[in-house]
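Visitor: Quick one: structure below, then a few questions.
The values are calculated or read from the model by the stated rules, or taken from the named source; none is laboratory data. Note that the structure is a prediction, hence the values are computed from the model and not measured. All Cβ positions, even for glycine, are placed from backbone atoms using ideal geometry, and neighbour counts span all protein chains on display.
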Amino acid sequence: MKKLLLVLFMALVTPIIYGQTEEELKAEQAAKKDSISAIQGRVDALQAQIDALPGWKVGAFGTIGGSLSNFSNWYAQGFPNNSSGNIGFTVNAYANLNQEKFFWRNAANVNLTWVKLDDKDDPDDEDGFREATDVFNLSSLYGRKLSEKFAISGLVEYRTTLLSNFNDPGYLDIGVGATWTPITDLVVVIHPLNYNFVFSSEDNIFESSADAKILVDYTRKIGAVNFKTNLSMFQSYENSDLSNWTWTNSFGYTLWKGIGVGFDFGLRSNKQEALNYAINTLGNTTETFDTVDNDLQTYWTLGLNYSF
């Protein structure tokens, strides 16, 4: 009887003991999380001060994404026998010099993707990888400081493709104006005196022109997160059909020893490229700047990320 009463007592008391212990552990865990957040906040504040110190700051991060697949007699789809895949990578690199009286900021962005869909039942189709996303951008910004946040500046920026039609078209912007740096790592460039040189074999479509250049760039690392957003645009003084803009974004989250996950996406509007595609790729030779559909250009890449 005593043993039975003891067993019943333990059965009733044990959940209460464990329940109290769990609550105590959760309370202790919450306190430690608050402490970790406070420490991380102080670390981020110190990093911001370090980033603002004079001297060179060099870094790079990127994303690698890809998949491969093979189907045999998979009748539920349009191509029952096929092999397909996509491979892509993005690299964002920068080298910035900050001194008391001037700064010099240099950046590079490369985004390349290849895709393939080999229909094994069609001997005439393309069976290899073909280029898809193709982005290459270099920029160099020099500024002579008037104050902590404003500078007289000069910018050189070059944009083209690498895998196909290198420098056809290619865009080279050279201009002067002002740069505003309201916070660390955010740069706003406004250059009313800029010339956009366009290199292309299609002289009747692509034209160089004087324009106003605007560039906004924010590159930052906070703890395990790397991110970069860049907007490059210009408004032509000669013809609005020659104006264009490109907005690219890269995000990376480090999980282990520099390896993590990354996501990149970009948007672009360029009427000259839209007309060139309509005439020389689609064969719509009657298209003009007034009739062509200037659809928004987009791309995105999701995959593994590596931070240098």
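Visitor: If a residue has to be in a loop (DSSP other than H, G, I, E, B), of a type outside the set (Ser, Thr, Tyr) and touching a helix residue (DSSP H, G or I) at 6+ places or on another chain (Cβ under 9 Å) to count, how many in segment 205-230 make the cut? Before you say what the answer is, go through the steps one by one.
Guide: Looking only at segment 205-230, we keep the residues that are in a loop (DSSP other than H, G, I, E, B), and these are 205-208, 223-224.
Next cut, of a type outside the set (Ser, Thr, Tyr) only: 205-207, 223-224.
The next check asks that each one be touching a helix residue (DSSP H, G or I) at 6+ places or on another chain (Cβ under 9 Å); those that pass are 205-207, 223.
So the count comes out to 4.
The rows are residues; the columns are (1) surrounded by 15 or more Cβ atoms within 10 Å (Cβ to Cβ); (2) modelled with pLDDT of 90 or more; (3) in a strand (DSSP E or B).
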residue: Asp118; (1), (2), (3): yes, no, yes
residue: Thr133; (1), (2), (3): yes, no, yes
residue: Asn137; (1), (2), (3): yes, yes, yes
residue: Val156; (1), (2), (3): no, yes, yes
residue: Asp173; (1), (2), (3): yes, yes, yes
residue: Ala178; (1), (2), (3): yes, yes, yes
residue: Val187; (1), (2), (3): yes, yes, yes
residue: Val198; (1), (2), (3): yes, yes, yes
residue: Asp203; (1), (2), (3): no, no, no
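Visitor: Considering only segment 264-308, state which residues are in a loop (DSSP other than H, G, I, E, B), without any contact (Cβ under 8 Å) to a residue 60 or more places away in the chain and under 30 Å from Asn92 (Cβ atoms).
Guide: Residues of segment 264-308 in a loop (DSSP other than H, G, I, E, B): 281-296, 308.
Of the ones still in play, those that are also without any contact (Cβ under 8 Å) to a residue 60 or more places away in the chain are 281-296.
Listed by number, the residues that qualify are Thr281, Asn294, Asp295, Leu296.
Visitor: Given the conditions (1) modelled with pLDDT of 85 or more; (2) out of contact with any Lys or Arg (no Cβ under 7 Å at 6 or more places or on another chain), report the number of the one that Asn96 does not fulfil.
Guide: That leaves (2) as the condition not met.
Visitor: For segment 253-273, which positions are hydroxyl-bearing (Ser, Thr, Tyr) and either exposed (fewer than 15 other Cβ atoms within 10 Å of the Cβ) or in contact with a Gly (Cβ under 8 Å, 6 or more places away or on another chain) (or both)?
Guide: Applying the first criterion (hydroxyl-bearing (Ser, Thr, Tyr)) to segment 253-273 yields 253-254, 269.
Answer for segment 253-273, where residues must be hydroxyl-bearing (Ser, Thr, Tyr) and either exposed (fewer than 15 other Cβ atoms within 10 Å of the Cβ) or in contact with a Gly (Cβ under 8 Å, 6 or more places away or on another chain) (or both): Tyr253, Thr254.
Visitor: Do you know which residues across segment 153-187 are of a type in the set (Asp, Glu) and within 15 Å of Leu231 (Cα to Cα)?
Guide: Step one: list which residues in segment 153-187 are of a type in the set (Asp, Glu), which gives 157, 168, 173, 185.
Result: Glu157, Asp173, Asp185.
Visitor: Still on this structure: Could you list, in sequence order, the residues of segment 39-70 that are within 24 Å of Thr301 (Cβ to Cβ), of a type in the set (A, V, I, L, M, F, W, C) and at pLDDT below 80?
Guide: Hit for segment 39-70 is Leu68, nothing else.
Visitor: Next up: Say we look at segment 277-308 and pick out the residues that are among the polar types (S, T, N, Q) and within 26 Å of the chain's Cα centre (by Cα); which of these is farthest from Leu112 (Cα to Cα)?
Guide: If we filter segment 277-308 for residues that are among the polar types (S, T, N, Q), which is where we start, we get 280-281, 284-286, 288, 291, 294, 297-298, 301, 305, 307.
Those still in the list that are within 26 Å of the chain's Cα centre (by Cα) too: 294, 297-298, 301, 305, 307.
Details: Asn294: 23, Gln297: 15, Thr298: 14, Thr301: 10, Asn305: 15, Ser307: 18 Å.
Among those residues, the one meeting the criterion is Asn294.
Visitor: Follow-up. In segment 158-171, how many residues are under 18 Å from Phe289 (Cβ atoms) and either part of a loop (DSSP other than H, G, I, E, B) or modelled with pLDDT under 90 (or both)? Give the steps one after another, and end with the answer.
Guide: Initially, segment 158-171 is screened for residues under 18 Å from Phe289 (Cβ atoms), giving 169, 171.
Next, only the ones that are either part of a loop (DSSP other than H, G, I, E, B) or modelled with pLDDT under 90 (or both) stay: 169.
So the count comes out to 1.
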